[in-house]
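Enquirer: Once you've had a glance at the structure underneath, I'll fire off some questions.
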Amino acid sequence: MTDITRIALITGANKGIGLEIARQLAQAGVSVIIGARHADRASAAVTGLSAAGLQVTSVKIDLNDHTSIAAAAESIRARHGRLDILVNNAGIVDAEDGPPSAGSPEAARRIMDTNFVGTLAVTRAMLPLLRKSAAARIVNLSSSLGSLTLNGDPGSPYYAARLIGYNASKAALNMLTVQLAEELRGTPHVVNSVSPGFVKTDLTGQAGFMTPEEGARLPVRYALLGDEAVSGRFVEASGETPW
């Protein structure tokens with residue numbers, strides 16, 4: 001491929017933080033692919049961003065449907081031949097989640113299937129395309145709730161947020177970051193876990209402290225890391241987060 005424009009896929013990018021990450025990457029000159037489960041919602045997001053003169057397309061991808069993941073990878077391969085940026089943004093919460101004594105095991109399974117297993121499936125499917133990039137950037141949208149250290153620290157503001165399914169899913173996602181960073185060691189490709197903060201989105205019931213635009217800034221920064229890029233880190237706006 002002779003096209004030097006960076007190609008980015010963002011999962012769950014039809015709304016919230018994902019949509020803002022798509023907007024900010026496109027504003028930086030990246031050709032953005034919005035990944036979404038529902039074609040109509042993806043189309044609406046593409047229409048809105050394209051109206052602002054941004055280079056955006058979409059692809060159907062459902063983290064719980066591995067056939068759709070394989071089809072999305074093939075579509076990107078056929079059109080672009082590579083992928084330069086993967087932002088694993090898609091994720092869910094569940095009303096039946098809660099502390100270990102009360103949280104539903106079925107809810108924990110649903111959350112884990114999407115937030116960890118689905119993200120792993122997407123990453124594996126896209127890795128051959130990412131390896132064709134001159135310097136791929138993988139950003140896993142994690143959460144400080146996935147920190148084992150903070151979950152066990154009574155002085156942490158996250159200590160009381162006992163959601164066994166969600167917190168465990170983000171801890172598992174961090175393990176993906178750590179292990180994949182080791183696999184990619186010695187290559188120009190990097191992967192990091194990024195906690196955007198407590199953002200006002202549908203996922204948080206609009207109860208956050210930050211706007212989606214503010215929450216997108218740190219993931220975008222890590223998606224655009226240059227030649228001196230770090231890898232295998234867990235970060236939030238205030239600095240590195242303990243695992």
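The values are calculated or read from the model by the stated rules, or taken from the named source; none is laboratory data. Bear in mind the structure is a predicted one, so any value in this text is a computation, not a measurement. Virtual Cβ from ideal backbone geometry, glycine too; neighbours counted across all protein chains shown.
Enquirer: Out of all the residues in the range 95-109, is one or more modelled with pLDDT of 95 or more and within 25 Å of VAL59 (Cα to Cα)?
Expert: no
Enquirer: So which residues in the range 126-143 are under 14 Å from the mean Cα position of the chain (by Cα) and either surrounded by fewer than 21 Cβ atoms within 10 Å (Cβ to Cβ) or in a helix (DSSP H, G or I) (or both)?
Expert: Going through the range 126-143, the residues under 14 Å from the mean Cα position of the chain (by Cα) turn out to be 126, 137-143.
The answer is MET126, and nothing else.
Enquirer: For the range 30-44: of the residues being at pLDDT below 95 and not charged (D, E, K, R), which is nearest to LEU225 (Cα to Cα)?
Expert: ALA42
Enquirer: What are the residues in the range 1-40 that are buried (at least 16 other Cβ atoms within 10 Å of the Cβ) and in a helix (DSSP H, G or I), if any?
Expert: GLY16, ILE17, GLY18, LEU19, GLU20, ILE21, ALA22, ARG23, GLN24, LEU25, ALA26
Enquirer: Considering only the range 91-108, I want to know if a residue exists there that is surrounded by 21 or more Cβ atoms within 10 Å (Cβ to Cβ) and touching a strand residue (DSSP E or B) at 6+ places or on another chain (Cβ under 6 Å).
Expert: no
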